[in-house]
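Below is one structure, written out as structure tokens, with a few remarks after it.
What follows draws every value from the coordinates through simple rules; no lab data is involved. On a predicted model such as this, the values are computed, not experimentally measured, just so you know. Note that each Cβ is placed from the backbone with ideal geometry, even for glycine, and that neighbours are counted across all protein chains shown.
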Amino acid sequence: MRSIPAAVVVPLVASVILAVCGVSAAKDGDWSSIVTPPPEGEKTCLPSARQLAYQEKQLGAFCHFGLPTYAISDAEYAAVFPWNPGNVPDVNRFNPTELDAEQWVLAAKSFGARHFVFPAKHHDGFCLWPTKTTDYSVRSTPWKNGRGDIVREVADACRKHGLAFGVYCSPADKHYGCYSTKPSYTKTPDRFIVGDRDAYWKYYKEQLTELLTNYGEVVMVWFDNYGDPFGFDVADAKTNQILGAGRYDDELVGLVRRLQPGAVMLRDKTAKSDVRAVGGEDGTSPYPIWNVVRKGGVGPYDATLSGTLPPAAEGWYLCESDIPTRPQWIWRPNSDAQLASVERLMQAHDTSIGRGANILINLT
């Protein structure tokens, strides 16, 4: 069993990022004297209190890690990540004996990150906490004899070192067998649902409830649109009729607001989201950029968001870009030579934070 590479990889990545982004923490912006957050539910172009608090964080860290980290070959990696329905890795290979979540968090803090968003479950469906919903989790692995909890270790390390904690939980789940056949930004008529999304919805809500009640304060809940079976534009495979997000959206928002009222949500193509993804995972944001938009079906890859939007809009919908520091989000052997350069990360910093958006930089 190969031990976790992050003990070497994360400091290497952090040293590159630090050269670029360390200045962010020293240039705090205090917007409180400029805008006053409105009452909840009031129609206005001003940010809510939670949006304002999150936007002021500016620079954050992602840390993608899981079963695909231990893919034996590039061919196997391609089969399980990022998207190949029906292929999921065996849990028995997961035994990261040198895992050190505190070192991850310290690496993020070293380059000025103020928050740490951790993917607790990616598209393969493997849960990095001992969920009660499925055996496809750390509970079934050799690691710590099935008694480990990586989400707990990351959350505790964040609080110990003063970083806010956020959680990513993929709506798509290959192991359960429920996902959509295309990413939500794919403009094709064949984005169909695989599996029973009504049954899966109950399962997914239980997972979210665990994550939002067992790990203290959560400042960001990141819902990946890639393969999301609850997206507004997915179609029934038999009738080709658009199903719409419907009650899923309302229940999802209600769950997060009830369990973590201070958390912002990143969710594609819904006016009920607090944050929208921009930049196509390349660390950039459009310029000029408006954080106020018309409510409705706008998404991170729509043409309307690649240019300017008029200020006379209906809602505050702040922008966030993200960027991997390697060609892929999950660590692969022999990829150190492909680390993003200082110049590339400087460009990402300037074209995200420099344009009024937040950014998440992936550590692994």
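In this calculation the C-beta distance from Glu251 to Ala49 is compared with R0 = 22 Å, giving a FRET efficiency of 0.45. Treating r as the C-beta distance of Ser335 and Glu102 and R0 as 35 Å, the FRET efficiency rounds to 0.90. This ranking places Cys169, Cys127 by how few other beta-carbon atoms lie within 10 Å of each, fewest first, which gives Cys169, Cys127. Residue pairs exceeding 22 angstrom between C-alpha atoms, taken from Lys109/Lys132; Lys132/Lys174; Lys57/Lys132: Lys109/Lys132; Lys57/Lys132. What shape does the stretch 89-197 take by its C-alpha gyration tensor, where a ≥ b ≥ c are the square roots of the eigenvalues and a/c under 1.5 counts as rounded, a/b above b/c as prolate, and the rest as oblate? Oblate, because a/c is 1.5 or more while a/b does not exceed b/c.
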